[in-house]
Each structure stands twice: as C-alpha cells, then as structure tokens.
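The values are calculated or read from the model by the stated rules, or taken from the named source; none is laboratory data. From a predicted model like this one, the values you see are computed outputs, not experimental measurements. Please note: Cβ atoms are built from the backbone with ideal geometry, for glycine as well, and neighbour counts cover all protein chains shown. Protein only, heavy atoms only, side chains kept; ligands, DNA and RNA dropped before computing areas. Shrake-Rupley method; radii C 1.70, N 1.55, O 1.52, S 1.80 Å.
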Amino acid sequence: MAMERILVINPGSTSTKIAVYDGVKQIAAANIGHTDEELAPFLWVMDQRGFRTDRIISALEEAGIELASLTCVMSRGGMIPPCHAGAYRINADMVRYMLDQKHDTHISNVGCAVAYDIAEPLGIPAFIYDPVTVDELQPVARVTGMPELPHKSRGHALNSRAMAIRCADTIVHKPFDECTFIVAHLGGGVSFWLFDRGRAIDMFSDDDAAFAPERCGNIQAMELVKLCFSGEYTLREVSRKIRGNAGFRALLGTSDAREVERRIADGDEKAALVYEAFTYGIAKTIGALATAVSGNVTRIILTGGIAYSNVVSEAVSARVSWIAPVEVMPGEHEMQALCEGGLRVLSGREPAHDFTY
C-alpha cells in the first residue's frame with residue numbers, strides 16, 4: 001500500500017498554516033501570512049474561501065508538492081454543532097452549514113470550505129478532526145443552577161485529546177480507552193479536560209476555570225452582572241474584558257508569560273503574586289476535575305505554549321502531583337494531531353462520522 005500524503009490546513013485570523021506529511025513525516029510546511037490590506041475586502045470569514053485556497057495552492061507549488069500527489073486533506077474543525085470527538089467528513093452539507101452561519105463565526109469555519117475545494121476536484125477525502133465544539137460531557141456535568149445556562153464543552157479539544165492519546169501510547173503503554181487523564185492546555189486562553197475511558201466526560205473552558213494571559217477565568221457572577229449593567233460598557237467592551245483584555249493583560253499590561261517571568265526575576269512583587277495566582281488557579285481546576293473520578297487519575301498532562309515554562313510546570317506539579325504523576329508535554333501540536341487523526345481514519349483504526357445538515 002502506498003504511503004498516505006496528507007495536506008493539513010489550520011487557518012488563523014491573519015495567517016494560514018499548512019503542512020504536508022508522508023505518513024507521520026512532515027515533508028513541507030508554511031505559515032502563509034495575510035496582511036490587513038489583503039483581508040480588508042472580506043467582510044466575513046467565509047468570503048476568504050477563494051483567497052485562502054489560492055494562497056495554499058501557490059504555497060504548495062512553491063514547495064514542489066503536486067496536488068495530484070495528495071491522498072487526503074485535513075482541516076482544523078469549524079464551529080459545527082456539539083459533536084463527539086473524532087473525524088468528520090467534509091462534504092457539501094458541512095460547507096453549506098458554514099455558509100449559513102452568520103453570527104459567532106470562527107476563522108476555522110473557512111478551513112472546511114478550503115479543504116473541500118482542494119479535495120473534491122482531486123477525488124480524495126477531506127476531514128475535520130476534534131473541532132472546538134467536541135462535547136461528550138456526562139449528563140451530571142451539564143447541570144448548573146440556571147437551566148438557561150447549562151455547562152457547555154468548548155475549548156482546545158484537538159491538542160488536548162492528541163496529547164492524552166500520545167501519553168497513553170508512549171508513556172503509560174495502555175490503550176487510551178483504558179486510562180483517565182486530566183489535560184491542562186495552557187496558552188493565551190486555557191482549557192481543562194477530563195478524559196475517562198476515551199471520552200471527555202467533563203471540562204472547563206477559558207471562562208469558567210483559572211484565569212489566563214488574556215482571559216478572565218471564573219469570576220463571581222453577580223459582580224459581572226453589576227459590571228454589565230453599570231452603563232459604563234457596551235456588550236463588545238465587556239466581551240473584550242472577558243476574552244482578550246483580561247488576565248495578565250489587564251493585571252500587568254502584557255499577555256507574554258516570558259515577560260512576566262522577567263519582571264519577577266527583576267523583583268516585581270505584583271507580577272510574582274499574579275503568576276502565583278495563575279498557577280494556583282490551574283492547580284485548583286485540576287483538583288476539581290480529579291474529584292469527578294474520585295481521584296482515580298492515570299496522568300495529569302500540562303500542554304500548550306506556557307507548559308514550556310519550568311516555573312509554571314513546577315509550581316503546578318507541586319500542588320497536584322499527589323493526585324497523579326504529572327507529564328509535561330509542551331507546545332501546540334495541532335498540525336501533527338490532524339495528520340495522526342487522518343492516518344487513523346485512513347488505516348481503518350478509527351471510523352469517520354458523516355456530517356448531515
């Protein structure tokens with residue numbers, strides 16, 4: 001059987017990351033930047049469909065990759081309705097669904113359409129994998145004190161689940177569905193995942209757990225309500241206070257964890273207190289998820305960009321290692337995770353779901 005050649009697409013707000021893999025080996029990669037001037041004509045993310053497709057095809061040509069050599073296209077998942085983890089075939093229904101979403105759209109939505117436009121003429125499959133809307137919560141985890149606001153699952157599903165699968169395979173040496181992992185994804189935003197027997201039965205997103213470099217985290221509801229109705233802020237301004245202008249940025253004027261650590265080394269006591277509160281919140285959130293499985297946790301995994309910080313990983317580990325051994329698996333491995341997910345589907349080790357609309 002010939003080796004699979006997979007094109008991976010990960011659109012961001014001002015760039016499109018692509019990579020080509022022969023099996024698990026990356027043979028080409030590019031981070032295609034998009035200037036404000038280039039994006040200015042597009043009023044909506046889906047309007048960028050043709051523009052991004054053309055830029056990807058040009059980048060592949062520059063890298064010497066023939067389109068005809070591809071056997072599969074994988075895209076970062078868009079905002080489909082809440083779904084189980086795994087792969088979903090990108091079909092005309094999925095593209096139509098993305099075109100019909102006019103509000104709360106995500107830049108990854110356009111990735112589905114771009115992948116479809118590349119794969120369909122070639123007659124090869126295209127998939128998304130572990131989109132941000134993965135929701136496998138157990139019923140008890142959905143209930144809150146306000147029926148209008150049930151607990152929803154939304155966060156860094158792709159990288160978090162990939163690290164849990166990798167930990168099961170390479171460290172624990174057991175099947176993923178025989179393990180229980182708590183994964184803390186630490187970046188500009190954070191999310192925390194409880195994978196029990198292969199399923200994400202509980203989680204915290206970036207606005208109901210520890211605060212992050214650019215997120216407010218879990219705050220007291222009545223105080224937020226008072227702020228919202230104070231007359232001082234618009235909906236957009238409050239939204240930015242929660243996501244974007246919160247956390248380190250609001251408290252210290254920077255969202256760069258490395259800058260915060262430099263300030264601490266220079267004797268900045270406020271920075272030291274904020275950083276301690278950050279790691280304290282991470283540990284508390286991990287502890288909360290551990291109670292959902294009575295402390296029966298195989299491993300705790302720290303991942304994401306901030307997991308590269310020894311200061312953070314050591315501070316968190318000191319507070320939670322009594323629960324389970326801590327594995328530090330830093331970085332955001334979304335491109336590799338998409339490739340590996342595609343390979344599992346193409347080899348028959350994992351089924352793909354059909355998307356209907």
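Got at least one residue in region 215-227 being open to solvent by 60 Å² or more (accessible area, probe 1.4 Å), among the basic types (Lys, Arg) and not in a strand (DSSP E or B)?
Checked region 215-227: at least one residue is open to solvent by 60 Å² or more (accessible area, probe 1.4 Å), among the basic types (Lys, Arg) and not in a strand (DSSP E or B).
With the structure loaded, tell me whether Asp117 is closer than 19 Å to Val345 by Cα and either open to solvent by 20 Å² or more (accessible area, probe 1.4 Å) or polar (S, T, N, Q) (or both) or whether it fails that test. Walk me through it before giving the result.
Numbers: closer than 19 Å to Val345 by Cα: no; either open to solvent by 20 Å² or more (accessible area, probe 1.4 Å) or polar (S, T, N, Q) (or both): yes.
So Asp117 fails the test.
Filtering region 259-311 down to residues that are in contact with a Cys (Cβ under 8 Å, 6 or more places away or on another chain) and either over 24 Å from Ile171 (Cα atoms) or of a type outside the set (D, E, K, R) (or both), which residue is surrounded by the most Cβ atoms within 10 Å (Cβ to Cβ)?
Top of the filtered list is Ile301.
If you go through region 328-341 one residue at a time, do you hit one that is out of contact with any Ser or Thr (no Cβ under 8 Å at 6 or more places or on another chain) and among the small types (Gly, Ala, Ser)?
Within region 328-341, one or more residues are out of contact with any Ser or Thr (no Cβ under 8 Å at 6 or more places or on another chain) and among the small types (Gly, Ala, Ser).
Suppose we keep only residues that are of a type in the set (Val, Ile, Thr) and open to solvent by 10 Å² or more (accessible area, probe 1.4 Å) within region 154-185. Which one would you say is nearest to Gly305 (Cα to Cα)?
Ile165
For the condition in contact with a Leu (Cβ under 8 Å, 6 or more places away or on another chain), at negative phi, modelled with pLDDT of 95 or more and in a helix (DSSP H, G or I), what is the one hit in Leu338, Leu273?
Details: Leu273 fails: in contact with a Leu (Cβ under 8 Å, 6 or more places away or on another chain).
After ruling out the rest, the residue left standing is Leu338.
Starting from residues that are out of contact with any helix residue (DSSP H, G or I) (no Cβ under 8 Å at 6 or more places or on another chain) and over 26 Å from Arg96 (Cα atoms), keep the ones in region 27-59 and report whichever is most open to solvent (accessible area, probe 1.4 Å).
Per the criteria, the residue is Glu37.
Keeping to region 98-114, report how many residues are surrounded by fewer than 20 Cβ atoms within 10 Å (Cβ to Cβ) and at pLDDT 95 or above.
Total meeting the criteria: 0.
Going by the structure shown, is Leu346 modelled with pLDDT of 95 or more, under 20 Å from Val134 (Cα atoms) and not small (Gly, Ala, Ser)?
Numbers: modelled with pLDDT of 95 or more: yes; under 20 Å from Val134 (Cα atoms): no; not small (Gly, Ala, Ser): yes.
Against the criterion (modelled with pLDDT of 95 or more, under 20 Å from Val134 (Cα atoms) and not small (Gly, Ala, Ser)), Leu346 does not qualify.
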